[in-house]
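Below: the structure, in structure tokens.
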Amino acid sequence: MANPGGMETSAPTHTITVAEAAEALGVSERTVWRYLKSGRLPGETTGEPGSQRTLIPREAVAALTTTRVGADAEALVSERDRLRAELAAVRAERDALIERVSVLQRALSAPMRPGIAERALSHAMSAVARARGPRTFSLH
């Protein structure tokens, strides 16, 4: 559609504006401008100075959306796997600590012999140190 001055006022249906591209991609307009400047997205600026618009092919935005979703999915799977491994390590550490606390509780409930509580506590602290890695603990 053209206005009386001959300037086009609506975008062709195969292109979208920077604002529409930002919404479709879930990013800011500033990010879309960076994509245009870097060549990640193609675009064409049309119109006279003061009423210019930059139009982006819908297909390019769709392709970038697909690429971003694939990269995001890979990153999420990687993060999920990392967190699962970390959770397994923390659970193992927890189980070791529970066992050591149990040993210490049994030792404390038994008739006291000189030094038994200190030895049990020392063993528990050693287990914690092994489970956590190269850290040192002191009873003092």
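Could you sort the peptides 80-89, 27-36 by per-residue average Cβ neighbour count (10 Å cutoff), highest mean leading?
27-36, 80-89
Could you grab the Rg to Rh ratio for segment 15-132? Cα atoms only, Kirkwood for Rh. Walk me through the numbers before you get to the answer.
Values: Rg = 30.1 Å, Rh = 19.6 Å.
When Rh is taken as the Kirkwood radius, the ratio is 1.54.
With θ set to phi - 60° and the Karplus curve 6.51 cos²θ - 1.76 cosθ + 1.60, what are the ³J(HN,Hα) couplings of segment 41-52 in order, to the nearest whole Hz, using x for Gly and Pro?
Working through the residues one at a time gives 10, x, x, 9, 8, 10, x, 7, x, x, 9, 6 Hz.
Over the alpha-carbon set of segment 23-81, divide Rg by the Kirkwood Rh and report the Rg/Rh ratio to two decimals.
Ratio value, two decimals: 1.11.
What ranking of H123, H14 emerges when the number of other C-beta atoms within 10 Å of each C-beta is taken as an exposure proxy, fewest first?
H14, H123
No value in this document is a laboratory result; all are computed from the given coordinates. Keep in mind that this is a model prediction, so the values were computed, not measured. Virtual Cβ from ideal backbone geometry, glycine too; neighbours counted across all protein chains shown.
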